[in-house]
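Read through the structure below, which is laid out as C-alpha cells, and then see the notes.
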Amino acid sequence: MYPVWEVPYLSAGIVLGLIATFHILPSHLSTSAMWFNVYVESKAYRENRPELLEFIKNYSLLLLVFAYVFGSLSGIGIWYAATVANPRGISALIHTYVWGWATEWVFFIVEVTGIFIYYYTLGKVDRKTHLKIGWIFAIGSWTTMVIIVGILAFMVSPGKLPATGNFFDGFFNQTYWSQLLLRTTLMFAVAAVYAIAVATRLKNVEVRGFIKKAAAKWGIGGLILGTLLAFWYLKTLPEEAHGLINTFVPGRLKSGMIITVGLMILYFIYTYLKPLTIRFVPAILAIAILFAGIWSAERVREIIRKPYIIPQYMYSNQIIGHDISAKGVVAEVKRLNEVGILKVAPFVPRNLREIDEGNRLYAGRVAALIQCSACHVFEERGLRPMPLMVKKVGLKEVEGAESFLDGIGEYPHMPPFFGTPEEKKALATYLVSLADGSKLK
Ligand code: HEC
C-alpha cells in the first residue's frame with residue numbers, strides 16, 4: 001500500500017479522468033488522421049490534383065504538433081497521474097501486461113518517427129515512396145490501438161485471466177472485439193472533425209469544399225457505424241455492468257452521449273450540404289462538443305467497473321479482493337479484518353496504529369481516506385461528497401454508522417468495509433462527525 005493522494009472536491013480519479021479524456025482526442029487523431037491523408041494523397045496523384053497537397057501539409061502539421069506533442073505529453077500525464085492516484089492498480093496492470101506495452105511502444109516509435117518523415121519528405125521524395133510512408137504510418141498507428149484496447153478492455157472485463165493467469169485470456173476478453181471496432185469507427189469521426197477545422201484555413205476554395213465534403217462523409221459513416229457497434233459493445237459487457245448502467249449511471253451522462261452523437265451527425269450532414277459555410281469557430285466548437293461526449297462516455301466506463309479498478313481482482317481503493325492463484329496473488333480481506341488496516345498499511349502515522357479515545361476521530365479519517373477516497377471527497381461539494389452521503393442515509397449515531405459499514409458491501413458499487421471492529425468504530429465516529437459538521441481539517 002502507498003500513501004493516499006487526496007484531491008479536494010475532485011478526487012484523484014477525476015484528475016486522471018480529465019487527463020485521459022483530453023488524451024483521447026490526440027490519440028484517436030493519431031491513429032486515424034493518416035488514413036484520411038493517404039486517401040486524399042492517393043486522390044491527388046490519381047486525378048492529378050496537386051492543389052490537394054496543401055491540405056496534406058496542414059493536416060500533417062496539426063498531427064505532428066497536436067497529436068505527437070500534446071498527445072505524448074498527456075499520455076505521459078496519464079502514467080504519472082495513475083501512478084499517484086492508484087499505484088497498486090497500475091502496478092497490477094504492468095505485472096500482467098508489460099509485454100503488451102512494450103509491443104505497443106515499438107509501434108509507437110514507428111508513429112513518432114513516421115510523422116516527422118512523412119511531413120518533411122512531402123514533395124521531396126517521389127510520390128510512391130511518400131504514399132508508402134503514409135501507409136506504414138497508418139497501419140503502425142492503428143496497431144497501437146489494437147494492442148492498447150486489449151489492456152483497456154481488461155480493466156472492464158478481465159475475461160478468464162483471473163482463473164488462468166494467461167496473458168491472452170485477459171487480453172482477448174469478451175469486450176475486446178466490440179471495443180476495437182467501436183474505437184476504430186469512431187476514430188474516423190475524430191479524423192473528420194479535425195480535417196474540417198483544418199480545411200477552414202485553406203486558401204484554395206475548391207480544395208476547402210472538397211475536403212469538407214469528403215471529411216463529412218467519413219464522419220457520418222464513422223458515427224453511424226460506431227452507434228451500431230456501441231449497441232454490440234453494450235451487449236458484450238458483463239452482467240454487473242448492465243446493473244450499474246441501469247441504476248447508477250446518471251441520466252445526464254447518458255443524454256450527454258446521445259446528444260453528442262446526434263449533434264455531430266447533424267454537423268456532418270450540414271457540412272456535407274453546405275461545406276463553405278462552416279468556418280473556423282464552429283469547427284472548433286464541434287471539437288468541443290465531441291470532447292463533452294467523450295467525457296460522458298469515459299465517466300460511464302469508469303462507473304461500470306465499480307467497485308473495482310480491475311474486476312474480480314482489485315477494488316477501486318486498491319485492496320486486493322480476490323485470490324488470483326495462477327499469478328500467486330492472495331486476497332487481503334482476511335488479513336485486514338484480523339490484523340487491522342491501520343496496522344497493515346505502511347504509510348499510517350505511527351500514533352494511529354493503536355486506536356484510543358484521543359485519536360479515534362483522526363484514525364477514522366485515515367481509514368476513510370484509504371477506503372473511501374477513491375470514490376468520495378470529504379468536502380461539502382464535489383465528487384459524491386461524503387458529508388452529503390452521510391446525511392442522505394441519516395447517520396447520526398456511531399452505532400448506526402457501524403451497522404451501515406457492516407452492510408456497505410451489499411451495495412453493488414461499493415467495496416465492503418475492511419478492518420477490525422475498533423477501526424470500524426473509528427471510521428463510524430468520523431462519518432458521524434461529517435454529518436454534524438465538526439469534521440477534522
Ligand atoms: C468504488 C467506489 C466507492 C467506494 C470505494 C466507496 N463508495 Fe460510497 N458510494 C459510491 C457510489 C457510486 C455511491 C452512489 C452515489 C450516489 O447515489 O450519488 C456511493 C454512495 C455512498 C453513500 C450513500 C448511500 C445511499 O444509500 O445513498 C454512503 C453513505 C457512502 N457511499 C459511504 C461510503 C463509505 C463510508 C466508504 C468507505 C468505507 C465508501 N462509500 C466507499 C462509490 C463508492
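General observations
- Amide N proximity, the stretch 44-88 versus Arg127 label position 7 Å along Cα-to-Cβ, cut-off under 19 Å: 44-58
- Ranked by the mean number of other Cβ atoms within 10 Å of their residues, highest first, the peptides 193-200, 360-367 come out as 193-200, 360-367.
- Approximate spin-label separation Tyr272-Tyr80, in nm, with each point projected 7 Å along Cα-to-Cβ: 4.2
- Nitroxide proxy distance, nm - points 7 Å out along Cα→Cβ at Met389 and Glu422: 2.6
- All aspartates and glutamates inside 19 Å of Lys392 as judged from Cα atoms, apart from same-chain residues fewer than 8 positions distant: Glu379, Glu380, Glu402, Asp406, Glu410, Asp436
- Stretching Ser91 away from Glu298 to a fully extended chain increases their span by 72.4 nm, per 0.36 nm per residue minus the current alpha-carbon distance.
- Spatially close lysines, pair count over the stretch 12-315: Cα under 13 Å, gap of eight or more or interchain: 6
- Accessible surface for the stretch 12-315, divided over its residues, is 44 Å² per residue with a 1.4 Å probe.
- Under 19 Å from a label point set 7 Å out along the Cα-to-Cβ vector of Glu239, the amide N atoms of the stretch 144-183 belong to 156-163, 174-175.
- Peptides 316-324, 44-52, 166-174 ordered by average Cβ neighbours within 10 Å, highest first: 316-324, 166-174, 44-52
- Distant-in-sequence amide contacts of Ile324, defined by a placed amide H-H separation under 5 Å and a gap of 5 or more residues or a different chain, comprise Val329, Val330, Ala331.
- FRET efficiency, 1/(1 + (r/R0)^6) with R0 41 Å, evaluated for Phe248 and Phe70 via beta carbons: 0.80
- FRET efficiency estimate (nearest 0.05) - Cβ-Cβ, Arg279 to Trp135, R0 35 angstrom: 0.60
- Within the chain, the whole DSSP H helices whose Cα atoms reach 30 Å or more along their own axis and whose mean Kyte-Doolittle score is at least 1.0 are 127-154, 176-199, 251-273, 280-303.
- Simple spin-label estimate for Trp99 and Arg46 in nanometres, 7 Å along Cα-Cβ: 4.1
- Alpha carbon centroid spacing (whole Å) that separates the stretch 347-420 from the stretch 109-126: 55
- Structure-based [θ]222 nm, the chain - -39500 (n - 2.57) summed over DSSP H runs of at least 4, per residue, nearest 500: -22500 deg cm²/dmol
The values are calculated or read from the model by the stated rules, or taken from the named source; none is laboratory data. All of these numbers come straight from a predicted model, not from anything done at the bench. FYI the Cβ positions are ideal-geometry reconstructions off the backbone, even for glycines, and counts take in every protein chain you see. Side chains are part of the model used for accessible areas, which takes the heavy atoms of the whole protein and leaves out ligands, DNA and RNA. Shrake-Rupley method; radii C 1.70, N 1.55, O 1.52, S 1.80 Å.
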